[in-house]
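Throughout, read-outs are computed from the coordinates displayed, never taken from laboratory work. Note that this is a predicted model, so its numbers are computed, not measured. Counting neighbours? That spans all protein chains shown, and the Cβs are built from the backbone with ideal geometry, glycine included.
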Amino acid sequence: MSKKPLNVGDVISSSEFAFGRHEYSYEDEEDAIIVGGTEKDHIVTETYDEETRVRHATQTGKTLPKWHKVNYGAYDPSRGKAKFVVERAEMEGGSFGNPDALYVTARRLDPNGLYDPTGEVIRFTYQSVCHINSIVRVTIHGHMKLWFLK
């Protein structure tokens, strides 16, 4: 387990990566799993907009409720055993009175440990007790060098 800061290129794993949720607040960002926590489910109460409710009532004769529960949980035990490469690791200011934290974005490597540009992307804060998606224990397995093809 590592207590040192994570850097771009570090190859990491953590059993804590198994617990996560799908992002639901930013539609324009790359689809990523927000990892951390201890729950398999992440239930959020959302509303149906009036247009959707009217369309559904017209098509089915039944009215949708105004509020409904959606599970954004993304529990995956294989993610807790997989290796990832850190693609971004930057200190950022907290929100709502939280202090700065190391925000990390990492991409899942293929089963042979090779970089996969289509691999699953995860996001988390590292070793920050003030954030719910904080990962405390990470194992660093090595480092990948970043290089560009012409």
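Quick notes on this structure:
- Crossing angle, helix 50-60 versus the chain [Cα axis fit, 0-90 degrees, rounded to tens]: 60 degrees
- Within the shell defined by Cβ-Cβ distances under 15 Å, the residues around Asn112 carry a net charge of +2, with Lys and Arg each +1 and Asp and Glu each -1.
- Point-charge dipole on Cβ atoms (K/R +1, D/E -1) for the chain, about Cα centre, debye to 20: 520 debye
- Highest average first, the peptides 63-74, 34-45, 8-19 ordered by how many other beta carbon atoms sit within 10 Å of their residues are 8-19, 34-45, 63-74.
- Working note: Karplus 6.51/-1.76/1.60 with θ = phi - 60° gives segment 136-150 the couplings 9, 10, 10, 9, 9, 9, x, 9, 9, 8, 8, 8, 10, 8, 9 Hz, where Gly and Pro are set to x.
- Remark on His143: its backbone amide H falls under 5 Å from those of Val11, a criterion applied only to residues 5 or more positions apart or on other chains, H modelled at 1.01 Å from N.
- Distances between placed amide hydrogens fall under 5 Å for Gly119 paired with no residue 5 or more residues away or on another chain.
- Theoretical ellipticity at 222 nm over the chain - DSSP helices of four or more residues, -39500 (n - 2.57) apiece, nearest 500: -2000 deg cm²/dmol
- Length-normalised contact order of the chain in % [C-alpha pairs under 8 Å, at least 6 apart]: 32 percent
- Taking Glu87, Glu51 and counting other C-beta atoms within 10 Å, the order from fewest to most: Glu51, Glu87
- Close Lys pairs in the chain, defined as Cα atoms under 21 Å apart and 8 or more places apart or on different chains, number 9.
- Remark on Lys83: its backbone amide H falls under 5 Å from those of Leu109, a criterion applied only to residues 5 or more positions apart or on other chains, H modelled at 1.01 Å from N.
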